[in-house]
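The values are calculated or read from the model by the stated rules, or taken from the named source; none is laboratory data. Remember, predicted model here, so these are calculated numbers, not experimental data. Note that we place each Cβ from the backbone using ideal geometry, even for glycine, and neighbour counts take in every protein chain shown. The protein model used for the area step is the full one, side chains on, heavy atoms only, and it has no ligands, DNA or RNA in it. Shrake-Rupley method; radii C 1.70, N 1.55, O 1.52, S 1.80 Å.
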Amino acid sequence: MLRRVGAWILYELRGALRPTIFFLVGFNFIVLTTNLLVADYAVAVSNFMLGTVAALVVGKAVITANEMPFLKPFDRAPLIQPILSKTAIYWIATFIAGGALRAFLDR
């Protein structure tokens, strides 16, 4: 039982690794650029931590949205249909996850 739970957790972490790293790098570059543009050279750690937490949440939202069954019929459609449909679903999932994260952090 313990081995199956460990294998499941490892599988989930491997699946979330690529999108999480993508968003982690992207969000932290945005934070760094913003800090440099406003001449705030004493980089605030909390901003980077917020970018990291947001990357974790958005990465998991993308993985969750990708597993939704109503996206499967678009896999064999012409290329523009899956791109547009998945973009809309990812945007909605990220919007919901971001709202939940903001509500959690504002408490």
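Phi angles across segment 25-32 convert, under the Karplus curve 6.51 cos²θ - 1.76 cosθ + 1.60 with θ = phi - 60°, into 3J(HN,Hα) values of 5, x, 5, 6, 5, 5, 5, 5 Hz, Gly and Pro given as x. Computed over protein heavy atoms with a 1.4 Å probe, the carbon and sulfur contribution to the accessible area of segment 21-107 reaches 75%. Starting from the Kirkwood radius over alpha-carbon pairs of the chain, derive D by Stokes-Einstein at 4 °C in a medium of 1.567 mPa s and give it in µm² s⁻¹. My calculation gives 82 µm²/s for D. On the basis of the beta-carbon distance and an R0 of 22 Å, V53 and A77 show a calculated FRET efficiency of 0.05.
Extending 7 Å from Cα along the Cβ direction at I30 and again at R107 yields two label points whose distance is 2.4 nm. Using Cβ point charges alone (K and R +1, D and E -1), the dipole size of the chain about the Cα centre works out to roughly 420 debye.
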